[in-house]
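The values are calculated or read from the model by the stated rules, or taken from the named source; none is laboratory data. The structure presented is a predicted model; accordingly, all values stated were derived computationally and were not measured. Backbone-built Cβ (ideal geometry, glycine too); neighbour counts: all protein chains shown. Each accessible area value is taken on the protein alone, full model and side chains, heavy atoms only, with ligands, DNA and RNA left out. Shrake-Rupley method; radii C 1.70, N 1.55, O 1.52, S 1.80 Å.
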Amino acid sequence: KTELHCLELEDEVHEMHEKLIKTESDFFELKHEKRVQDSKNEAKLRAKLRALEKANEEAKKQLCERTAKIENLTQDMEKLERTNEEAKKQLQDRESKTDT
């Protein structure tokens, strides 16, 4: 009877050992899958980051170009205002000369 009990216990120990091996195998498989998934996610995030950085650089470039255009237009406007003022003075001078 003790021998039979001993054999049953050995069978249980053997089954538990096999379950443990399977559990460890599953654990390492899941751990590997997680690493692969993390790696894929990281690659996707890096690609998104590169795209955002590129878009940001393009936006900065356009901002600089538009700022330069605004500065040029402002300078042109100031020149036109000065030319306009000079023309008004010349016109007033001519009108005052013709009045006398």
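When only the Cβ of Lys, Arg, Asp and Glu is charged (+1, +1, -1, -1), the dipole of the chain relative to its Cα centre reaches about 1080 debye.
Which values of log₁₀ I(q)/I(0), to two decimal places, follow from the Debye formula for the stretch 34-75 at q = 0.14, 0.34 Å⁻¹ with a uniform point scatterer at every Cα? At q = 0.14, 0.34 Å⁻¹ the computed log10 ratios are -0.50, -0.98.
The modelled label-to-label distance for the pair S96/E3, using points 7 Å beyond Cα in the direction of Cβ, is 13.9 nm.
For M77 and K34, the FRET efficiency from 1/(1 + (r/R0)^6), where r spans their Cβ atoms and R0 equals 41 Å, is about 0.05. When the solvent-accessible area of the chain is split by element, carbon and sulfur atoms take up 57 percent of it, the probe being 1.4 Å.
Stokes-Einstein at 4 °C, 1.567 mPa s, Kirkwood radius from Cα pairs: D for the chain in µm² s⁻¹? Roughly 57 µm²/s, to the nearest whole number.
For the chain, the solvent-accessible area with a 1.4 angstrom probe is 101 square angstrom per residue. In straight Cα distance, which lysines are under 25 Å from K88, not counting same-chain residues fewer than 8 positions off? Partners found: K79, K97.
Which Cα, out of A87, A55, M77, lies furthest along the positive dipole direction of the chain (beta carbon charges, K/R +1, D/E -1)? Most positive-ward Cα: A87.
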